[in-house]
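One structure is given below, encoded as C-alpha cells.
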C-alpha cells in the first residue's frame, strides 16, 4: 500500500490511507474504544491558524487526489467565501485583515492543487514553514 503521502503533512492522512486501503480491496473497520488520549494545546486552533489551514487545504488535496474534483472546487470556493464573510462579521478591521490574509494563503494553496501546478512554498507545509 505504501507510505503516507508526504504532501498531506498532517490532518486528513487517515482518510487518505483509508481510501488507499479500500482501493486495494482491504476492509476497513472502526474500533470505538479509547486507545489514544491527546493532550492538546490551545494555541493554533483558531480559525486563521495553521491547523485550520492544513485541514482545509488537505481536504481539497484529498478530494482532488480521489477524483472528486467538483467536490474539491466546491469546498475550496465555499471555504474561502465563508472565511471572508466571517472576517466581515467580526466588525473589526484588524481581524478582517487577518481573515483576508489567511484566505489569500489558502487561495494560493488551492491554486496549486486545483490547477495541477507544482507544489511549492505557496502550497504551505511541508514545502514551507507556516507562511
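Per-structure values
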item	result
Among (1) farther than 17 Å from residue 62 by Cα; (2) more than 14 Å from the chain's Cα centre (by Cα) - the single one residue 102 does not satisfy	(2)
Selection from region 100-110 of residues that are under 13 Å from residue 53 (Cβ atoms) and either touching a helix residue (DSSP H, G or I) at 6+ places or on another chain (Cβ under 9 Å) or crowded, with 17+ Cβ neighbours inside 10 Å (or both)	102, 103, 105, 106, 107, 108, 109, 110
Any hit, region 32-45, residues being touching a helix residue (DSSP H, G or I) at 6+ places or on another chain (Cβ under 8 Å) and modelled with pLDDT under 90	yes
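Residue by residue, here is whether (1) buried (at least 16 other Cβ atoms within 10 Å of the Cβ); (2) in contact with a helix residue (DSSP H, G or I) (Cβ under 7 Å, 6 or more places away or on another chain) holds:
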| site | (1), (2) |
| --- | --- |
| 55 | no, no |
| 58 | yes, no |
| 72 | yes, yes |
| 98 | yes, no |
| 112 | yes, yes |
| 115 | no, no |
| 128 | no, yes |
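So that you can scan it fast, the table gives a plain yes or no per residue for (1) within 22 Å of residue 16 (Cα to Cα); (2) in a loop (DSSP other than H, G, I, E, B); (3) modelled with pLDDT of 95 or more:
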{"position": "51", "(1), (2), (3)": "yes, no, no"}
{"position": "56", "(1), (2), (3)": "yes, no, yes"}
{"position": "70", "(1), (2), (3)": "yes, no, yes"}
{"position": "74", "(1), (2), (3)": "yes, no, yes"}
{"position": "81", "(1), (2), (3)": "no, no, yes"}
{"position": "87", "(1), (2), (3)": "no, no, no"}
{"position": "113", "(1), (2), (3)": "yes, no, yes"}
{"position": "125", "(1), (2), (3)": "yes, yes, no"}
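Listed here are the residues, each with its yes/no results for (1) in contact (Cβ under 8 Å) with a residue 24 or more places away in the chain; (2) under 20 Å from residue 8 (Cα atoms).
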position	(1), (2)
55	yes, yes
68	no, yes
71	no, yes
88	no, no
97	no, no
110	yes, yes
117	no, yes
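The values are calculated or read from the model by the stated rules, or taken from the named source; none is laboratory data. Keep in mind that this is a model prediction, so the values were computed, not measured. Neighbour counts run over all protein chains shown; Cβ positions are idealised from the backbone, glycine included.
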